[in-house]
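Asks: I'd like to ask some things about the structure below.
All of the numbers you see were taken from the coordinates with simple rules; none came from a lab. In this text the structure is predicted, and so the values were computed from the model without any measurement. Neighbour counts run over all protein chains shown; Cβ positions are idealised from the backbone, glycine included.
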Amino acid sequence: MRVEQIGDCTLYLGDCREILPTLGKVDAVVTDPPYRIEFRSNYRTVRSKFNPIANDKTNDTLLWACSIAAGHSKYVFCRWDNLPDVPRPRSCVTWVKNNWSMGNLKGEHGRQTEMALFYAGPDHSFPTGRPSDVIQVRRTRNEWHPTEKPVDLMWHVVRWTAGTVIDPFLGSGTTGVACIKLGRKFIGIEVDEGYFNIACKRICDAYAQPELFVAPTEPQPQQIQLLLGA
């Protein structure tokens, strides 16, 4: 097992199912596990520069992620057709993207959304007030990973949690970068050495060049002037 300590981020190379039980209490989980996507469409198999996603032939790792005992909360990304298999969440957060994802090109509507399952722990409360269950953030161009999530998306989700954030399916490290932007402690675990090295680099770069990772601007309330008697 390899361990890298980068600022407030502790990164483990290895199997999360073996490493996580050794880490003690879990505060919050924000993760995008393999969930049987297999990165295919009806017409072609995508030829990708990336390594195949480990454990993506079944939804076993998704179910395992949903079962983690977190004191504050869990946010676990998945697809709508995983819902019959997972434990019932408290709610589902819908991520609205700027383009269509792959799927059955003739037999279903174009997919412009993904979702995250929300599970509240015994110590849960919303740190920034009750949030909406819809986030609109443009998707990435998958520069680092075939199912890469935008940093801004994970920034919003991490803000809804408290304590140390754990991502047992680290991938290219997006959740860790979001935690750096928010000044949060982070633990990431990744089984693929190639993606692990990418995550280490991105997290080092985030600490070295914080100006490249400016937090999204929250909508500000506007004062409306009422014209009476017009």
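Asks: Can you give the FRET efficiency for Asn99 and Cys204, using 1/(1 + (r/R0)^6), R0 = 41 Å, r = Cβ-Cβ distance, to the nearest 0.05?
Replies: That gives a FRET efficiency of 0.85.
Asks: Could you work out how much longer the chain between Asp8 and Ser91 gets when fully extended? Use 0.36 nm per residue separation minus the Cα distance between them, nm to one decimal.
Replies: Here the segment from Asp8 to Ser91 would lengthen by 26.9 nm.
Asks: Could you give each residue of the range 65-72 its phi-based ³J(HN,Hα) in whole Hz, using Karplus coefficients 6.51, -1.76, 1.60 with θ = phi - 60°, and x for Gly or Pro?
Replies: Per residue, the Karplus-derived 3J(HN,Hα) values read 4, 5, 8, 4, 7, 10, x, 8 Hz.
Asks: While we're on this one: Where does each of 167-179, 121-133, 13-25 land if you order them by average Cβ count within 10 Å, highest first?
Replies: Sorting 167-179, 121-133, 13-25 by mean packing, highest first, produces 167-179, 13-25, 121-133.
Asks: Quick query: amide H of Ile189 versus all other amide H atoms, modeled in the peptide plane; which residues come in under 5 Å with a sequence gap of 5 or more or a different chain?
Replies: Tyr12, Asp167, Phe169, Leu170
Asks: Enumerate the calculated ³J(HN,Hα) couplings along the range 162-177 in order (Karplus 6.51 cos²θ - 1.76 cosθ + 1.60, θ = phi - 60°), each rounded to whole Hz, writing x wherever the residue is Gly or Pro.
Replies: Here the 3J(HN,Hα) series is 9, x, 6, 9, 10, 10, x, 10, 4, x, 8, x, 4, 4, x, 4 Hz.
Asks: If you don't mind, there's one more thing I want to ask. At His109 and Thr128, where each label point lies 7 Å from the Cα along Cα→Cβ, what is the point-to-point distance in nanometres?
Replies: So the two model labels end up 2.8 nm from each other.
Asks: Between Asp27 and residues 5 or more places away or on another chain, which pairs have amide H atoms under 5 Å apart, with H built 1.01 Å from N, and which residues are they?
Replies: HN-HN under 5 Å from Asp27: Gly71, Thr164.
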